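Novice: Got a structure for you, written out below as structure tokens; questions coming shortly.
The values are calculated or read from the model by the stated rules, or taken from the named source; none is laboratory data. Just so it is clear, the structure is predicted and the values come from calculations on it, not from any experiment. All Cβ positions, glycine included, derive from the backbone under ideal geometry; neighbour counts span all protein chains shown. For the accessible areas, the whole protein counts, side chains as well, though only heavy atoms, and no ligand, DNA or RNA atoms are used. Shrake-Rupley method; radii C 1.70, N 1.55, O 1.52, S 1.80 Å.
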Amino acid sequence: MIPYEFIYSFINSSLHLDKSIRWVGLTNREGLIINEKYREDLHPLLTEEENEEYASNAISRQKTRSKFEEKIGKLIYAFGKYEKLNRATIPINDNYFLLLSIDSEELNFDKIIMDKVLPLINETKEKFVSI
């Protein structure tokens with residue numbers, strides 16, 4: 001198992017990478033949320049149960065995408081733009097995924113993900129191993 005202290009630190013660090021990040025969640029390959037955290041003073045748009053359903057669906061969609069990886073390459077991140085927020089699914093490895101939501105007004109989401117989130121994932125990727 002991944003040490004809980006590392007998971008907590010990773011989620012906390014992910015949340016604070018940019019002021020526009022609303023929520024971060026770490027899921028396993030079954031889509032179960034291992035840990036999550038909201039930006040301070042944020043009123044969540046979804047309930048805990050709805051977030052769990054979202055996570056499960058996001059990972060299910062990721063599994064569907066992976067069957068085309070041989071032809072189009074590995075997914076860097078998947079992104080959805082909604083009226084009230086933006087969401088991203090970012091694979092860490094085959095077993096873990098970072099889900100995050102970003103304020104809907106944020107236009108530089110690609111820069112945030114590519115220049116802030118992915119470097120953090122790459123720095124810590126070796127710690128995401130299942131025993």
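Novice: First measure r as the distance between the Cβ atoms of Met114 and Asn93, then evaluate 1/(1 + (r/R0)^6) with R0 = 22 Å and state the FRET efficiency to the nearest 0.05.
Specialist: Calculated transfer efficiency: 0.75.
Novice: With a probe of 1.4 Å, find how much accessible area segment 10-68 has per residue, and write the answer as a whole number in Å².
Specialist: Values: 3440 Å² over 59 residues.
That works out to 58 Å² for each residue.
Novice: Using alpha-carbon pairs under 8 Å, 6+ residues apart, how would you state the relative contact order of segment 1-64 in percent?
Specialist: 27 percent
Novice: Near Lys71, which lysines are there with a Cα under 17 Å away, not counting those fewer than 8 places off in the same chain?
Specialist: Output for Lys71: Lys63.
Novice: Out of Asn86, Asn108, Asn35, any idea which swings most in a Gaussian network model of the chain, alpha carbons joined below 10 Å?
Specialist: Evaluated over the chain, the most mobile residue of the options is Asn108.
Novice: What is the percent carbon and sulfur in the accessible area of the chain, measuring with a 1.4 Å probe over the protein chains and ignoring ligands?
Specialist: Working: 4200 of 8020 Å².
Carbon and sulfur together cover 52 percent of it.
Novice: Exactly which chymotrypsin sites (Phe, Trp or Tyr not before Pro) in segment 69-131 are in a DSSP loop and have at most 13 other Cβ atoms within 10 Å?
Specialist: Numbers: sites: Tyr77, Phe79, Tyr82, Tyr96, Phe97, Phe109, Phe128; in loops: Tyr77, Tyr82, Phe128.
Passing both the DSSP loop test and the Cβ count: Tyr82.
Novice: Further, regarding this structure: For Rg/Rh (Cα atoms, Kirkwood Rh), which listed value, (1) 1.05; (2) 0.97; (3) 0.93, comes from the coordinates shown?
Specialist: Here the calculated entry is (3).
Novice: Using a Gaussian network model of the chain with C-alpha springs under 10 Å, which one of Ser101, Ser66, Ser56 is most mobile by mean-square fluctuation?
Specialist: Ser66
Novice: What 222 nm value per residue comes from the helices of the chain, counting each DSSP H run with n ≥ 4 as -39,500 (n - 2.57) and dividing by all residues, nearest 500 deg cm²/dmol?
Specialist: -10000 deg cm²/dmol
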